[in-house]
1. Look at Asp55 and say whether it is part of a helix (DSSP H, G or I) and within 15 Å of Tyr132 (Cβ to Cβ).
2. Count, please, the residues in region 32-46 that happen to be surrounded by fewer than 19 Cβ atoms within 10 Å (Cβ to Cβ) and in contact (Cβ under 8 Å) with a residue 60 or more places away in the chain.
3. For region 99-114, does any single residue satisfy the condition of being open to solvent by 60 Å² or more (accessible area, probe 1.4 Å), free of Cβ contacts under 8 Å to residues at least 60 places away in the same chain and either of a type in the set (Asp, Glu) or touching a Gly at 6+ places or on another chain (Cβ under 6 Å) (or both)?
4. Considering only residues of region 47-81 that are within 30 Å of Val4 (Cα to Cα) and open to solvent by 30 Å² or more (accessible area, probe 1.4 Å), which is modelled with the lowest pLDDT?
5. Just one of the numbered conditions (1) open to solvent by 20 Å² or more (accessible area, probe 1.4 Å); (2) touching an Asp or Glu at 6+ places or on another chain (Cβ under 8 Å); (3) free of Cβ contacts under 8 Å to residues at least 60 places away in the same chain is not true of Met18; which one?
6. With the requirement that a residue be part of a helix (DSSP H, G or I) and acidic (Asp, Glu), what does region 65-83 give you?
7. Which of the following residues is modelled with pLDDT under 90 and in a helix (DSSP H, G or I): Met177, Met94?
8. Check whether at least one residue in region 135-144 is among the aromatic types (Phe, Trp, Tyr), modelled with pLDDT of 85 or more and outside any strand (DSSP E or B), and report yes or no.
Amino acid sequence: MPGVQTRTYDAVIAGQSMTAERSQQVDFAGPYFYATMVCVTKSDSPYANATSINDLSGGKCTSQESTIWYDQCLPQIPDAKIQTAAESAPAMIMSLSTNMVDFVCTDMPTAQGAIVAYPNMKILNFSGTDGYFKFSDDIRAENVNIGVSIAKGNTVLKDSINSVLNKMTADDFNNLMADAIAIQPINE
């Protein structure tokens, strides 16, 4: 966001949730993606066959700092052994890769990127079940709608981006995200 605020960048597409707090600093076009909250574990983990957050009970876990994943999701897991928040998504995934935690909580695009880089990991998606994370409508709306940040008051650019996004469906967004994940650089 600092790059957008200083007009170093015209817009940033970086998986930013369209929160009220962020909207005080930048304007948002979109959304361009609707994120699902998921957990990621290793394929050979005792948690690999979990079908609800209750099945993660007692597990050692973390997530990225200052996210709904850390602040709202992890505390909903019964008896979770919540570790210190990771400073970034890569650091969070590294803590799982190095067995510092049993699972992490994140959004679907981050999880999809993780399993491309680490094929021994597995996504646990409980959405649509009774065992999913529970949120108020306000919290959910602010954390599942992913937008393009633009400098405050740049209505020309915002309107231009929205004119394209408004013609797209959730399936279009999902296909674009899948394409982006498929071409991401893999750090090994």
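1. yes
2. 5
3. Within region 99-114 (the criterion being open to solvent by 60 Å² or more (accessible area, probe 1.4 Å), free of Cβ contacts under 8 Å to residues at least 60 places away in the same chain and either of a type in the set (Asp, Glu) or touching a Gly at 6+ places or on another chain (Cβ under 6 Å) (or both)), the answer is no, since none of the residues qualifies.
4. Restricting to residues being within 30 Å of Val4 (Cα to Cα) and open to solvent by 30 Å² or more (accessible area, probe 1.4 Å), the top hit is Ser66.
5. (3)
6. Asp71
7. Met177
8. The answer is no, given that none of the residues of region 135-144 is among the aromatic types (Phe, Trp, Tyr), modelled with pLDDT of 85 or more and outside any strand (DSSP E or B).
The values are calculated or read from the model by the stated rules, or taken from the named source; none is laboratory data. Remember, it's a predicted structure, so these values are computed and weren't measured experimentally. Every residue, glycine as well, gets a Cβ built from its backbone with ideal geometry; the counts of neighbours run over all protein chains shown. Note: areas computed on protein heavy atoms with side chains; ligands, DNA, RNA excluded. Shrake-Rupley method; radii C 1.70, N 1.55, O 1.52, S 1.80 Å.
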